[in-house]
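The values are calculated or read from the model by the stated rules, or taken from the named source; none is laboratory data. Everything numeric here is computed off the predicted structure, so don't read it as measured data. Cβ placement follows ideal geometry from the backbone for every residue including glycine, while neighbour counts extend to all protein chains displayed.
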Amino acid sequence: MDRRHKKKSFGRPSITRYVSNSAKIGKNVKIWHFAYVGDETRIGDNVMIGSLTHIDYKVSIGENTRIEGSVYIPPLTIIGKNVFIGPGATFTNDPYPMSPKMAGVVVEEGVIIGGGAVIKAGLMVGRNAVVAMGAVVTRDVPADAVVIGSPARIRYSRKEYDRKQKEWKST
């Protein structure tokens, strides 16, 4: 089965997204225009992948995860359940370019990664952590921590983040 989605354009077919035949895709997965999903990638149920997103080979994405547009996820990355990745976030796959050895990033369950964040290869972002927009993550992020800046530093807890978010929503 050819998993490329084709759309008629001026009488000629055009490919609007590409999903490898060896990728395993769960139920109710939405993959938007011009996205790429590589070989041997596994995507859980109820995942949304935004336009212009590139998910390379041997990536694992847990259920109920939302990946916004223009995100790059390199080979060997593992993303847990219930994760949000904002637009333009970039995960790297080589801590010492151009090395022939790659390392994925591990993102545990419940993590929020803001738009434009950059995460160095081989790192772990702990359960329920928050990576602020534009943060440059150069070391592991502990569970329930909120990191901000370049390089990213712990600024407060997830509990404080949730309080601030609730306050923001109520105003």
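Observations on the model:
- Taking segment 84-96 as the range and being assigned to a loop (DSSP other than H, G, I, E, B), surrounded by 20 or more Cβ atoms within 10 Å (Cβ to Cβ) and either acidic (Asp, Glu) or within 9 Å of the chain's Cα centre (by Cα) (or both) as the test, the residues that pass are Gly86, Ala89.
- Count of segment 59-114 residues which are more than 25 Å from Ile154 (Cα to Cα) and small (Gly, Ala, Ser): 5
For (1) at pLDDT below 95; (2) out of contact with any Asp or Glu (no Cβ under 9 Å at 6 or more places or on another chain); (3) buried (at least 16 other Cβ atoms within 10 Å of the Cβ), each residue gets a yes or a no:
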residue: Met98; (1), (2), (3): yes, yes, no
residue: Gly126; (1), (2), (3): no, no, yes
residue: Val131; (1), (2), (3): no, yes, yes
residue: Arg155; (1), (2), (3): no, yes, no
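- Meets criteria (crowded, with 20+ Cβ neighbours inside 10 Å and either not basic (Lys, Arg) or not in a loop (DSSP other than H, G, I, E, B) (or both)) for Gly104: yes
- Inside segment 133-153, residues that are at negative phi, surrounded by fewer than 20 Cβ atoms within 10 Å (Cβ to Cβ) and either among the polar types (S, T, N, Q) or more than 14 Å from the chain's Cα centre (by Cα) (or both) make up a count of 10.
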